[in-house]
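Enquirer: One structure is given below, represented as C-alpha cells, and several questions about it will come after.
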Amino acid sequence: MRMICLVRHGETDWNKLGRIQGSTDIPLNERGIRQAQATRDYLADSEFDMIIASPMKRARKTADIINEALQLPLVEMEGFVERGFGEAEGLTREEREAKYPSFDFPGMESWDDLVERVMKALQEVNEKYGDKKVLLVAHGAVIAAILSTISDGEYDLENTRLVNACISNIQFIEEKWKVHNYNLSDHLANI
C-alpha cells in the first residue's frame, strides 16, 4: 500500500489578509513559520522516505522546516505549484467579488487544466517513487484538486477549505487513490 501525506504550506501575509496568491510567490509569515514548526514536531517520529515540494517559497520553506526533523531527500516538482488566478491575484475576496462577480478571472488557470497538471504530477510520483512513503508539501488548490479528483468530488473545492499547514493522507489501494483522511489540524491548536 502506497501512501502520500499531503501538507498545505504555512500561513503567509496574503493568507492572513484574505488575498488570493495563486502563482504570486509570497513567503511564509511568522505564524506560518510557527505552523510549519508545529507540523515538523508532529511528524518528527513519522517514517517517510522522501519529501516532494512545490518550488514556491511558501511550500518550499514549509518543507525545509519539516525536514529539519526528518532529514530526508527533498525533490521539487513544478507540477505541484499553486493554481494561477490571473488578474485576481493580490485581491481580497470582496475586491474579487466586486471586480469579477462571476469569479471568471482573466488569465486564470482553468480547473480542468489544474486537475490535469496535478494528477499528471501525482502519476509521476507514483511511477518514480511508488515504493516510497512520500510527504508532499503543496498548496490549497493543488491539494483540493487531488482530494476532489480521487474522491469523485466528495471533497470538492467549495466544501473543502484546507487550513494552512493541515495534513491530509491518501493511499493507493487496488490500483486507485483513496482519501484516508484530510484537513487534520490538531497539531496547530496552540498556534
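The values are calculated or read from the model by the stated rules, or taken from the named source; none is laboratory data. Bear in mind that the values here come from a model prediction, so they are computed numbers and not experimental data. When we count neighbours, we look across all protein chains shown, and the Cβ atoms used for this are built from the backbone with ideal geometry, even at glycine. With ligands, DNA and RNA removed, areas are computed over all heavy atoms of the protein, side chains included. Shrake-Rupley method; radii C 1.70, N 1.55, O 1.52, S 1.80 Å.
Enquirer: For region 106-132, enumerate the residues that are under 20 Å from the mean Cα position of the chain (by Cα), in contact (Cβ under 8 Å) with a residue 40 or more places away in the chain and exposed (fewer than 14 other Cβ atoms within 10 Å of the Cβ).
Expert: K120, E124, G130
Enquirer: Still on this structure, please answer the following. Taking the criterion of being part of a loop (DSSP other than H, G, I, E, B), buried (at least 20 other Cβ atoms within 10 Å of the Cβ) and out of contact with any Phe, Trp or Tyr (no Cβ under 7 Å at 6 or more places or on another chain), would at least one residue in region 86-101 satisfy it?
Expert: Yes: region 86-101 contains one or more residues that are part of a loop (DSSP other than H, G, I, E, B), buried (at least 20 other Cβ atoms within 10 Å of the Cβ) and out of contact with any Phe, Trp or Tyr (no Cβ under 7 Å at 6 or more places or on another chain).
Enquirer: Kindly provide the set of residues from region 133-161 that are part of a loop (DSSP other than H, G, I, E, B) and at pLDDT 95 or above, ordered by number.
Expert: K133, H139
Enquirer: Now a separate question. Out of the residues in region 1-16 meeting the condition of being open to solvent by 10 Å² or more (accessible area, probe 1.4 Å) and in contact (Cβ under 8 Å) with a residue 60 or more places away in the chain, tell me which one is nearest to F48 (Cα to Cα).
Expert: If we take residues in region 1-16 being open to solvent by 10 Å² or more (accessible area, probe 1.4 Å) and in contact (Cβ under 8 Å) with a residue 60 or more places away in the chain, then M3 is nearest to F48 (Cα to Cα).
Enquirer: Follow-up. Enumerate the pairs (first residue in region 39-68 and among the β-branched types (V, I, T); second residue anywhere and open to solvent by 10 Å² or more (accessible area, probe 1.4 Å) and modelled with pLDDT under 95) with beta-carbon separation below 8 Å, excluding pairs fewer than 6 apart on the same chain, so at least 6 apart or on different chains.
Expert: Pairs found: I52/Y129.
Enquirer: Further question on the same structure: Cβ-Cβ below 6 Å, separation at least six or inter-chain, first residue in region 87-105 and among the basic types (K, R), second loosely packed, with under 13 Cβ neighbours inside 10 Å and not in a helix (DSSP H, G or I): which pairs?
Expert: Close Cβ pairs (under 6 Å, with a partner that is loosely packed, with under 13 Cβ neighbours inside 10 Å and not in a helix (DSSP H, G or I)) amount to R93/G18.
Enquirer: Can you name every residue in region 1-36 that is touching a helix residue (DSSP H, G or I) at 6+ places or on another chain (Cβ under 6 Å) and among the hydroxyl-bearing types (S, T, Y)?
Expert: T12 - this is the single residue of region 1-36 that is touching a helix residue (DSSP H, G or I) at 6+ places or on another chain (Cβ under 6 Å) and among the hydroxyl-bearing types (S, T, Y).
Enquirer: Next question. Restricting to region 162-179, what's the tally of residues that are of a type in the set (A, V, I, L, M) and assigned to a loop (DSSP other than H, G, I, E, B)?
Expert: Qualifying residue count, region 162-179: 3.
Enquirer: If you don't mind, there's one more thing I want to ask. Would it be correct to say that R19 is at pLDDT 95 or above and under 14 Å from I167 (Cβ atoms)?
Expert: no
Enquirer: Which numbered condition in (1) in contact (Cβ under 8 Å) with a residue 40 or more places away in the chain; (2) assigned to a loop (DSSP other than H, G, I, E, B); (3) closer than 21 Å to S168 by Cβ; (4) open to solvent by 50 Å² or more (accessible area, probe 1.4 Å) is the only one that R19 fails?
Expert: (3)
Enquirer: Criterion first (modelled with pLDDT of 95 or more, within 17 Å of H139 (Cα to Cα) and in contact with a helix residue (DSSP H, G or I) (Cβ under 9 Å, 6 or more places away or on another chain)) does T39 satisfy it?
Expert: It is true that T39 is modelled with pLDDT of 95 or more, within 17 Å of H139 (Cα to Cα) and in contact with a helix residue (DSSP H, G or I) (Cβ under 9 Å, 6 or more places away or on another chain).
Enquirer: Of all residues in region 28-50, how many are surrounded by 24 or more Cβ atoms within 10 Å (Cβ to Cβ) and part of a strand (DSSP E or B)?
Expert: Of the residues in region 28-50, 1 are surrounded by 24 or more Cβ atoms within 10 Å (Cβ to Cβ) and part of a strand (DSSP E or B).
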